[in-house]
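The numbers here are math on the coordinates, done by the rules we state, and not lab data. Note that the coordinates shown come from a computational prediction; the quantities given were computed from them, not determined experimentally. Please note: Cβ atoms are built from the backbone with ideal geometry, for glycine as well, and neighbour counts cover all protein chains shown.
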Amino acid sequence: MTAITFFITPGMTQSSFANMGYWVDWGNLLLYAAAFGAVGGALAWPVAAMMRRA
């Protein structure tokens, strides 16, 4: 989830990796992707736990 978000976010914002010239741009992208991955993991955890229990 995090890797997918990392690669599709610039395209969704009509930007590209070539436009990311500063460390702040990369930091924002990494933090955004990590946060999205954490939310996805938090939502998937209960479902995975229920499936494992059955």
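When the gyration tensor of the chain is built from Cα positions, what are the square roots of 5 times its three eigenvalues, in whole Å, from largest to smallest?
Working: eigenvalues 188, 21, 8 Å².
One finds semi-axes of 31, 10, 6 Å for the chain.
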Label-point separation (nm) for residue 36 and residue 48, each offset 7 Å from Cα along Cα-to-Cβ? 1.9 nm
